1. How much length would be gained if the chain were fully extended between Arg223 and Glu123, taking 0.36 nm per residue of separation minus their Cα-Cα distance, in nm to one decimal?
2. In the stretch 78-100, which residues have a backbone nitrogen under 19 Å from the label point lying 7 Å from Glu389's Cα in the Cα-to-Cβ direction?
3. Percent of accessible area on the chain owned by carbon and sulfur, 1.4 Å probe?
4. Given axes a ≥ b ≥ c from the Cα gyration tensor, I'd like to know whether the stretch 226-355 is rounded (a/c under 1.5), prolate (a/b larger than b/c) or oblate.
5. Roughly speaking, what is the stretch gain from Glu349 to Ala322, that is 0.36 nm per residue apart minus the C-alpha to C-alpha distance, in nm to one decimal?
6. Plugging the Kirkwood radius over Cα pairs into Stokes-Einstein for the stretch 1-135, at a temperature of 4 °C and a viscosity of 1.567 mPa s, what D comes out in µm²/s?
7. Picking from Pro380, Pro301, Pro46, which is most flexible by a Gaussian network model of the chain using Cα springs under 10 Å?
8. How much length, in nm to one decimal, is gained on full extension between Ala54 and Asp376, taken as 0.36 nm per residue of separation minus their Cα-Cα distance?
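The values are calculated or read from the model by the stated rules, or taken from the named source; none is laboratory data. Predicted, not measured: the structure shown is a model, and the values here were computed from it. Ideal geometry is used to build each Cβ from the backbone, glycine not excepted, and the neighbour counts take in all protein chains shown. Ligands, DNA and RNA are stripped out before the accessible areas are found, and what is left, the full protein with its side chains, is counted by its heavy atoms. Shrake-Rupley method; radii C 1.70, N 1.55, O 1.52, S 1.80 Å.
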Amino acid sequence: MEDLRIGVIGLGLRTSIALAADRPSEGSGAGSGAGAVVTALCDADPAVLKRQSAKFPAAAFLTQDHRELLDRPDLDAIVVNTPDDTHERLAVDVLRAGKALYLEKPMAITVEGCDAILRTARETGTKLYVGHNMRHMGVVRLMRDIIAKGVIGEPKTVWVRHFVGYGTEFYYKDWHADRTRTTGLLLQKATHDLDVIHWLAGGYTTRVNALGDLLLHGDLPRRAPGTLRPDGEWLLADDWPPTARKDLNPVVDVEDVSVMNMRLDNGVIAAYQQCHFTPDYVRNYTVIGTEGRLENFGDGPGATVKVWNTGPTGYRDDCDIAYKVPEAQGTHGGADVQIMSEFIRFAREGGVTDTSPVAARMSVAAGYLATMSLRDGGRPYDVPPLDPELAAYFDGGQQA
């Protein structure tokens, strides 16, 4: 068995995912056929293509046209890491070409786009995998394990606060700031956390309402139309305070503060909050069950998840049980390496995975309808269900 041969479309911020996929078995110490190698690259920007190709020694084929890459018979799988508004079109093309697909989250920027991808995967029988790497983060897996063991009883409510300390640099200096490219950050950024909420709570959102606004970035200086973000390191040191920042994307029309309420199909009530000009960058989860609650303090390796499951008492900082998030190596707390291991296995063998195309669709649907709600004065919106036959196909490991 030879190494899985992978092509990559899009060499921007998420190139770390492609690097995690480039693991030839001979050089990695893995068993025969256990590895993968990136042999072809595609990016619309020739300068980016040239610069990033140096990171992939075996990538002999370079192109600016993804169709040329898809025509190659010597590729087994494709990783799509392009801007969100291109996901639907590129995913459909890859699936129709019969290449196993790793599609970076969010699946698409509309519910209809997600459903079109799912239908194409079902019709073609091509393997579809969506890159919700937070399901492989140590803190998320630890919280899920705690809940599964019954330490806090049956989950009834989940609260998430998302402090986005580098919001300007990551989301307001390029295409992310334009709602035609993302729908909004309550979809683009929150889709990770909405997926985690669903995973921890064991259900999918059926009804949402939300409020939000462009409270700070709408007033900051922007670059002239037609000009590009300055080249160089992606994450630059932000000026402080946030009101001193400049050189934003020419179009800025996505909300930088949002709050969202959810009712899940199993009765769980959840809430999510996001702010893009905080002084720190961290996700804080609280899950309350019938017999206690858990909360994470930090979200990377070495962080702590505390549990209170005796009481009632007044406020106390000391918890009943403290769990340490395990150490890990690699980007996103080791999650990128782990998710690529799962994708490589799935591309070879198929079967059920920890990530889920159905869950990916449902997180987009929740974020999309919440965005419609916050732009409609907070009016509640119902999340459209997925076709039961499609859901059964993907929940069953994409077996015909």
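1. My answer for the length gained is 31.6 nm.
2. none
3. Whole-percent figure for carbon plus sulfur exposure: 52.
4. It comes out oblate by the Cα gyration axes.
5. 5.9 nm
6. 87 µm²/s
7. The residue that fluctuates most here is Pro46.
8. 111.2 nm
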